[in-house]
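Reading through the structure tokens given below for one structure.
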Amino acid sequence: MPLIKGTPKDGYLEINDNIRFRKGVDFISNWGKTYFVDFENGSDYHDGRSTFKALKNLAAAISKAGAWDIIYIRRRTPDVAEGDPVGITPATAVNWSIANTKWGLQLIGCGIGHDPQQAAYQTRLEGHATVTGVAPLTVLAPYVGLENLSFKRGGATGVPLVDLSTTVPARAFAASLYRCQLHMGNGVNGSNGAVQINSHWYAAIIECHFERCAVAIGLYSGISNPAAVHIRGNTFNQPAADNKGDIVSAATACHRIMIEDNTFNHDTPSAGGTNKFLYFPGSANTGSIIGNKFGTATLVTATLMTLGGLVESGSICGKGFLTS
């Protein structure tokens with residue numbers, strides 16, 4: 001607990017030797033507030049500011065939170081017989097959305113977010129069972145961070161699990177997914193992959209696991225072309241028969257895209273159309289593909305990748321192959 005040491009003659013109070021503020025003036029912190037969500041034990045009558053007064057529903061926490069706040073989400077009690085995570089679902093038939101006024105909001109799961117071997121201990125967010133046409137989570141604010149979370153679609157079909165979108169005039173940018181799992185996304189092209197990057201700049205998808213997603217990451221130019229997207233250290237574990245592409249662009253062009261150190265841990269996708277490891281048809285694409293590993297010993301660029309202007313055919317640096 002901070003120790004207030006007294007009232008110096010200059011009219012300032014001093015806290016713990018290093019924080020001073022003037023009497024009669026509110027102290028303004030740039031750290032934001034912290035909220036806690038506990039679906040099993042919480043209550044929306046609480047203020048959510050401690051684990052003892054945790055909120056029950058994530059929507060209540062998002063509503064209370066402001067810019068630069070942090071929401072910690074406790075995983076539900078696991079079903080040890082089945083080994084599957086028990087999902088946190090919306091209280092009403094409205095999936096979650098982070099408004100563009102909530103700059104820098106952080107959602108952090110207090111479980112094991114991305115490792116499928118520890119599925120029962122994940123903090124899993126599932127869309128509402130009756131909502132079919134809206135992503136379980138839509139991010140409209142800049143600098144939002146999603147960490148250590150697992151996502152499943154609930155009743156949503158043909159839409160993203162996580163929609164990194166944008167609005168006019170505000171622009172969502174620099175959102176990040178870190179060590180998350182995306183499970184059973186069923187998008188069909190770049191406009192609705194498991195993670196949709198819609199006109200979003202500076203997005204980062206880092207060390208995530210994509211499990212049984214028809215399309216894993218989709219880039220889409222609803223308002224403008226995506227730019228400076230960093231996709232690093234992810235694992236794509238898709239059944240080849242159902243896979244419609246791992247990283248797929250439906251944008252006119254993608255600028256300064258970095259795809260590095262990912263593992264495409266499955267057989268060759270069905271050739272043709274977007275059914276490829278990487279599909280970037282725009283001729284004005286820029287960026288680089290470095291150090292990825294693919295689940296085939298014979299990588300024919302023209303058949304298994306459509307790269308457009310992203311890199312020239314044959315110039316993929318440090319490519320590697322998984323072998324049986």
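The values are calculated or read from the model by the stated rules, or taken from the named source; none is laboratory data. Values in this document were obtained by computation on a predicted structure and should not be read as measured data. Reconstructed Cβ throughout: ideal geometry from the backbone, glycine too, with neighbour counts over all protein chains shown.
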Worksheet item: Looking only at residues in the range 214-242 that are touching a Lys or Arg at 6+ places or on another chain (Cβ under 9 Å) and under 20 Å from R153 (Cβ atoms), which one is modelled with the lowest pLDDT?
Response: D242
Discussion item. Regarding the range 60-79, can at least one residue be identified that is surrounded by fewer than 16 Cβ atoms within 10 Å (Cβ to Cβ), closer than 28 Å to G155 by Cβ and modelled with pLDDT under 95?
Written reply: yes
Worksheet item: Which residues, counting only those in the range 186-232, are of a type in the set (F, W, Y) and more than 19 Å from F264 (Cβ to Cβ)?
Response: W201, Y202, Y220
Worksheet item: Within the group A135, A120, A129, A141, which residue is at negative phi, of a type in the set (G, A, S) and outside any loop (DSSP other than H, G, I, E, B)?
Response: A120
Worksheet item: Does the range 126-137 contain at least one residue that is under 21 Å from I231 (Cβ atoms) and out of contact with any Gly (no Cβ under 6 Å at 6 or more places or on another chain)?
Response: yes
Worksheet item: Can you spot a residue in the range 111-122 that is within 13 Å of the chain's Cα centre (by Cα) and not assigned by TED's automatic domain parsing to the domain that holds A216?
Response: yes
Discussion item. All but one of (1) more than 14 Å from N95 (Cβ to Cβ); (2) hydroxyl-bearing (S, T, Y); (3) surrounded by 21 or more Cβ atoms within 10 Å (Cβ to Cβ); (4) within 14 Å of the chain's Cα centre (by Cα) hold for S165; state the number of the condition that does not hold.
Written reply: (1)
Fill in: Residues (part of a loop (DSSP other than H, G, I, E, B), free of Cβ contacts under 8 Å to residues at least 60 places away in the same chain, at negative phi and surrounded by 24 or more Cβ atoms within 10 Å (Cβ to Cβ)) located in the range 245-279
D246, C254, N262, P269, K276, F277
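Listed here are the residues, each with its yes/no results for (1) out of contact with any His (no Cβ under 9 Å at 6 or more places or on another chain); (2) aromatic (F, W, Y).
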position: F173; (1), (2): no, yes
position: E207; (1), (2): no, no
position: R232; (1), (2): yes, no
position: D246; (1), (2): no, no
position: A251; (1), (2): yes, no
position: N262; (1), (2): yes, no
position: K276; (1), (2): yes, no
Worksheet entry | Selection status of L219, within 24 Å of R124 (Cβ to Cβ), in contact with a Gly (Cβ under 9 Å, 6 or more places away or on another chain) and not basic (K, R) | no
Discussion item. Here's a check for you: in the range 40-59, which residue that is in contact with a helix residue (DSSP H, G or I) (Cβ under 7 Å, 6 or more places away or on another chain) and part of a loop (DSSP other than H, G, I, E, B) is surrounded by the most Cβ atoms within 10 Å (Cβ to Cβ)?
Written reply: G48
